[in-house]
Amino acid sequence: MALSKNFEHVSAESKWYQHWLDKQYFASKPDGREPYTVAIPPPNVTGVLHMGHCLNNTIQDILVRRARMQGKNACWVPGTDHASIATEAKVVHMLRERGIAKSSISRDEFLTYAWEWKEKYGGIILQQLKKMGCSLDWDRTSFTMDDHYYQSVIGVFNDLYSKGYIYRGKRMINWDVKAKTALSDEEVIFKDTQSKLYFLRYELADSPGQHITIATVRPETILGDTAICVHPDDERFKHLQGKFAYVPLINRKIPIIADEYVSMEFGTGALKITPAHDMNDYQLGQKHQLEVIDVLNDDGTMSEAAQLYVGVDRFETRKKIVVDLEASGNLVKTEEYPNQVGYSERTDVVVEPRLSLQWWVDMKKISGPALDAVVNDDIKFHPAKFKNLYRHWMENIKDWCISRQLWWGHRIPAWYDQQGNVFVARNESDALTLYRQKYPEGKKEDLRQDEDCLDTWFSSWLWPFEVFKGYSNPGNPDIKYYYPTQTLVTAPEIIFFWVARMVMAGFEYMNEKPFEQVYFTGIVRDKQGRKMSKSLGNSPDLLEMIDRFGADAVRFGIMISSPAGNDLLWDESTNEQGRNFSNKIWNALKLVKMWEERKPVTTTYSTQQAEKAYFAIHWFDARLRQVKAELDQSYEQFRLSEALMTVYTLIWDDFCSWYLEWVKPPYGEETIDEKVLNATKGFFDELMKLLHPYMPFITEEIYHHLSARAEGDDICIARLESAAMQDADAGILANGKLLQASITGIRDARNKAQLKPKESIVLYVQTEAPAAYEVIGDILARQVNASSIELTDSTIAQAIPAVAGKETFYLLSSTPIDMGSQKEELMKELEYLRGFLLSVEKKLGNEKFVQNAKAEVVDIEKKKKADAEMKIRMIEESLTTLN
RNA sequence: GGACUGUUAGCUCAGUUGGUUUAGAGCAUUACUUUGACAGAGUAGGGGCCACUGGUUCGAGUCCAGUACAGUCCACCA
């Protein structure tokens with residue numbers, strides 16, 4: 001069988017993914033095995049794959065595939081989120097492009113368009129996950145607006161309402177004037193902004209011509225002013241307390257009140273109070289029973305109440321009113337003022353604090369167990385630093401505004417009658433029943449359902465259990481088997497939006513945490529450290545990259561640059577590293593396949609001979625065990641990039657660079673030792689299994705090239721056995737290190753002396769461990785092109801000396817050689833050793849050290865000293881041969 | 001403004017309770033190697049006062065304090 005020059009990822013990847021699907025390897029059913037459950041953080045239904053998804057889902061796939069190979073019943077549930085604001089915005093945009101205004105169509109018409117949109121674009125992101133190789137159980141694909149899911153959301157609302165945890169109230173909320181909806185606090189992003197501070201003077205009512213000056217960044221809101229407030233102890237304004245002033249331009253008479261809230265140092269010490277448009281002003285207004293004048297419409301234009309600029313946008317008004325205030329003589333001065341302004345997370349417009357009637361969840365009622373679970377490590381956070389963040393938020397939790405003025409989503413199950421009563425029920429007929437309990441003659445037509453939808457997160461907080469119908473069909477076999485899930489992999493950005501609320505919902509409705517552990521990924525940034533975003537255009541086209549480099553390479557690239565718990569500065573060049581790695585593995589396969597074409601020879605050795613003949617095998621066997629133990633550690637701590645690096649070097653360095661070279665049959669030889677061949681293939685199998693979670697496609701491909709496999713023998717479901725170190729391993733590994741150091745040192749010496757690779761040498765070894773050379777001698781000789789190896793007690797004249805660790809080698813060559821550079825090298829080494837010796841001697845000469853340090857430490861230092869002295873002696877001896 | 005995290009080679013990061021060499025890895029870089037798996041490669045190098053300043057200690061990249069810078073989260077005094 002002829003193998004292509006490189007790994008052909010395009011054909012292999014689609015072929016194997018389809019094969020895995022055909023074999024139902026990702027489909028999970030409850031059975032006697034230990035479950036390993038992961039519920040995907042559902043991407044927006046209309047979203048497309050970006051680097052954040054790539055990182056997040058690669059990590060999940062690694063965990064899930066590894067669990068599957070460890071014999072667990074792995075179940076990774078896919079799905080999407082209806083993403084109310086984001087999707088509705090897209091549909092509104094689409095309609096506008098078709099010349100349809102949302103306001104011109106009915107709710108039902110709009111929803112028809114929205115569902116069409118969802119059907120058309122909804123599956124895209126899931127298809128993209130398949131391209132990445134994600135081993136999701138597609139039969140379980142969920143959507144937050146599936147029937148059972150919808151009913152559960154409504155059910156939860158009803159339940160919380162009946163417990164008194166949900167209420168309706170008029171409060172200050174964050175208003176998105178573009179989406180025309182309320183936002184939760186978490187949906188507001190504060191950005192540093194260079195603003196202007198305007199100093200405005202208000203004429204005093206009793207003293208014409210006299211003024212009080214206030215400072216504001218929002219002059220347009222003065223039209224809604226209902227008071228001016230000063231600090232009660234402020235001497236400058238004491239005489240004005242209880243007096244009145246006129247709002248400029250409209251001359252409304254407002255009181256001057258006193259409250260300790262006002263800072264005497266800031267601005268002029270006098271604060272204008274606009275209860276309708278500022279959170280703090282609202283509270284002051286409540287306290288002092290001030291009038292509330294709302295001067296803005298829901299789209300951000302000035303309302304009738306403003307009297308002036310009616311219908312003009314708020315920012316346009318700001319420009320105009322400043323001009324007018326200046327003209328009227330009320331503008332004293334303006335100052336540059338840097339402050340932070342809230343923007344909508346979804347639409348990126350400046351958020352308007354606004355008083356409105358919304359639905360709220362009283363979070364303190366349900367946060368208790370959720371806080372404890374994380375603080376007690378019942379749910380483990382990785383990295384643990386997020387525990388503090390979580391705790392702080394939970395301890396200071398505020399009520400959650402859950403109503404959104406949108407149509408796409410779960411409609412709030414509340415009905416209102418003409419009298420202003422509210423009936424919360426699961427459906428209209430239940431609501432009618434409630435209504436009739438109060439008004440027996442009531443008719444269906446008297447009731448009107450709330451127009452609003454619920455916040456998206458009010459549905460996604462049920463995700464870990466409702467994907468198994470844990471709420472809608474309690475106690476079913478799936479929920480009993482799969483819940484709680486094992487690992488949640490998500491971005492720290494949504495720790496409050498989602499993670500915290502899932503924990504609360506889990507305890508409230510399943511009486512159990514939703515997941516055992518949470519792994520917070522870093523944020524994917526570009527090379528300059530900027531967050532990847534659409535607007536910056538620094539987000540690469542993932543599918544194009546997969547086509548070009550292969551999914552394995554892209555997965556490799558993102559994982560290798562992803563330190564546990566840190567943001568990752570991702571650069572496209574890591575794709576190349578991944579592709580080169582694939583190529584390297586592919587070529588190793590080609591080499592092994594070439595050997596296979598030779599004549600197999602079965603050789604029997606005595607135990608002692610075998611130790612020597614098969615040293616490479618014994619060594620790699622030990623290395624595998626060692627690395628597997630390291631990997632277990634890394635996985636346990638979610639150090640996935642470290643684990644990948646470990647596998648990478650094991651394959652590239654240990655297997656390709658060392659092992660394969662050690663066992664490679666000499667050129668021209670037509671036979672192959674059968675035991676070596678079989679062992680090599682076995683190692684290759686194991687290596688592919690270790691790598692499979694990271695690079696599923698190429699590993700499956702190689703696995704099948706290595707040996708003819710029975711039907712159903714695929715690496716995807718192969719067992720990955722863990723291994724413990726054995727007693728003999730330490731000695732073998734030490735010999736391996738000695739062999740490597742010797743080869744490197746001697747090659748270096750050959751290079752420096754400009755000995756051609758083909759020129760053979762006689763190698764003399766001066767060593768404290770002669771026995772080792774019994775075992776490693778043959779390989780050493782071949783790797784450094786030595787015709788023979790001799791042990792020696794003394795220096796060898798006319799030979800090139802080389803020092804490696806405690807060993808000294810003498811390379812005797814038949815051709816005359818230039819020793820100059822070699823001598824220089826040895827002098828450098830000598831200089832280093834003398835410096836080192838000095839530092840050790842200094843340490844040992846320090847009485848306090850010898851007195852206070854632990855005995856072992858002192859012994860180590862003594863040994864260092866002896867070693868250094870010995871090496872110096874050896875180099876000095878070697879140098880004499882160069883003279 | 002408050003809290004947390006970080007600052008180690010050109011870049012990205014390891015460095016476990018202070019002591020096994022005068023600090024490691026990957027990528028990048030340099031020199032050499034070119035028909036026998038792989039030039040998308042091989043072999044061998046170079047490259048760091050561990051941010052700064054003090055302190056604790058026989059001993060500090062590692063512990064403590066302060067300073068500077070960066071990042072994240074929270075708060076919002078108009």
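Here A:Leu271 clears all of (1) more than 18 Å from A:Asn174 (Cα to Cα); (2) in contact (Cβ under 8 Å) with a residue 24 or more places away in the chain; (3) within 11 Å of RNA strand B (Cβ to nearest atom); (4) open to solvent by 50 Å² or more (accessible area, probe 1.4 Å) except the condition numbered (4). The set of residues in the stretch A:180-191 being under 29 Å from the mean Cα position of the chain (by Cα) and either within 11 Å of RNA strand B (Cβ to nearest atom) or assigned to a loop (DSSP other than H, G, I, E, B) (or both) consists of A:Ser184, A:Asp185, A:Glu186, A:Glu187, A:Val188, A:Ile189, A:Phe190, A:Lys191. Which numbered condition trips up A:Tyr439, out of (1) open to solvent by 50 Å² or more (accessible area, probe 1.4 Å); (2) at pLDDT 95 or above? Result: A:Tyr439 passes all but (2). Look at (1) more than 16 Å from A:Cys54 (Cα to Cα); (2) near RNA strand B (Cβ under 8 Å from one of its atoms); (3) at pLDDT below 85 and you find that A:Lys590 fails only one, number (3). Would you check if there is a residue in the stretch A:295-305 being away from RNA strand B (no atom under 13 Å from the Cβ), open to solvent by 50 Å² or more (accessible area, probe 1.4 Å) and free of Cβ contacts under 8 Å to residues at least 60 places away in the same chain? Among the residues of the stretch A:295-305, at least one is away from RNA strand B (no atom under 13 Å from the Cβ), open to solvent by 50 Å² or more (accessible area, probe 1.4 Å) and free of Cβ contacts under 8 Å to residues at least 60 places away in the same chain, which makes the answer yes.
For the stretch A:365-408, filtered to residues that are acidic (Asp, Glu) and assigned to a helix (DSSP H, G or I), the residue that is surrounded by the fewest Cβ atoms within 10 Å (Cβ to Cβ) is A:Glu395.
For the stretch A:337-361, the candidate set comprises residues that are buried (at least 17 other Cβ atoms within 10 Å of the Cβ) and either of a type in the set (D, E, K, R) or closer than 13 Å to A:Met394 by Cα (or both); within that set, the residue that is farthest from the chain's Cα centre (by Cα) is A:Arg354.
Contact annotation: residue pairs with Cβ atoms under 6 Å, 6 or more positions apart or on different chains, pairing a residue in the stretch A:733-759 that is within 18 Å of A:Trp662 (Cα to Cα) with a partner that is within 9 Å of RNA strand B (Cβ to nearest atom) and open to solvent by less than 20 Å² (accessible area, probe 1.4 Å), are A:Ala741/A:Ala804; A:Ser742/A:Ala804; A:Gly745/A:Ala804.
Residue-wise test of (1) within 13 Å of A:Phe683 (Cα to Cα); (2) touching a residue at least 60 places away in the same chain (Cβ under 8 Å); (3) out of contact with any helix residue (DSSP H, G or I) (no Cβ under 8 Å at 6 or more places or on another chain).
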site	(1), (2), (3)
A:Ala622	yes, yes, no
A:Leu640	no, yes, no
A:Leu650	yes, no, no
A:Cys656	yes, yes, no
A:Leu660	yes, yes, no
A:Val663	yes, no, no
A:Gly668	no, no, yes
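Just one of the listed residues (A:Ala804, A:Ala772) is within 12 Å of RNA strand B (Cβ to nearest atom), closer than 30 Å to A:Val663 by Cβ, touching a helix residue (DSSP H, G or I) at 6+ places or on another chain (Cβ under 9 Å) and of a type in the set (Gly, Ala, Ser), and it is A:Ala804. Taken over the stretch A:775-808, the criterion of being exposed (fewer than 12 other Cβ atoms within 10 Å of the Cβ) and either touching a Cys at 6+ places or on another chain (Cβ under 8 Å) or touching a residue at least 40 places away in the same chain (Cβ under 8 Å) (or both) is satisfied by A:Ser794, A:Ala797.
For the stretch A:316-329, the criterion of being away from RNA strand B (no atom under 13 Å from the Cβ), in contact (Cβ under 8 Å) with a residue 60 or more places away in the chain, open to solvent by less than 60 Å² (accessible area, probe 1.4 Å) and in contact with a Ser or Thr (Cβ under 9 Å, 6 or more places away or on another chain) is met by at least one residue. Among the residues of the stretch A:839-865, those that are surrounded by 11 or more Cβ atoms within 10 Å (Cβ to Cβ) and more than 6 Å from RNA strand B (Cβ to nearest atom) comprise A:Val840, A:Glu841, A:Lys843, A:Leu844, A:Val850, A:Val858, A:Asp859, A:Glu861, A:Lys862, A:Lys863, A:Lys865. A residue that is in a strand (DSSP E or B), over 30 Å from A:Tyr635 (Cα atoms) and among the aromatic types (Phe, Trp, Tyr) can be found somewhere in the stretch A:764-773. Yes or no: A:Lys871 crowded, with 16+ Cβ neighbours inside 10 Å, near RNA strand B (Cβ under 9 Å from one of its atoms), farther than 15 Å from A:Tyr810 by Cβ and touching a residue at least 40 places away in the same chain (Cβ under 8 Å)? Answer is yes for this residue. Across the stretch A:236-251, the qualifying residues are those that are of a type outside the set (A, V, I, L, M, F, W, C) and outside any strand (DSSP E or B), and the one among them that is nearest to A:Glu220 (Cα to Cα) is A:Pro248. Only one of these conditions is not met by A:Thr744: (1) touching a Gly at 6+ places or on another chain (Cβ under 7 Å); (2) of a type outside the set (Phe, Trp, Tyr); (3) within 14 Å of RNA strand B (Cβ to nearest atom). Which number is it? Here A:Thr744 clears every test but (1). In summary, A:Ala276 fulfils each of the numbered conditions (1) within 12 Å of RNA strand B (Cβ to nearest atom); (2) crowded, with 20+ Cβ neighbours inside 10 Å with the single exception of condition (1).
With respect to the stated conditions, A:Ile546 is outside any loop (DSSP other than H, G, I, E, B), away from RNA strand B (no atom under 11 Å from the Cβ) and either aliphatic (A, V, I, L, M) or within 28 Å of A:Gly32 (Cα to Cα) (or both).
The values are calculated or read from the model by the stated rules, or taken from the named source; none is laboratory data. Source: prediction; values computed, not measured. Every residue, glycine among them, receives a Cβ derived from its backbone with ideal geometry; neighbour counts consider all protein chains shown. Please note that ligands, DNA and RNA were not included when accessible areas were found on the heavy atoms of the full protein model with its side chains. Shrake-Rupley method; radii C 1.70, N 1.55, O 1.52, S 1.80 Å.
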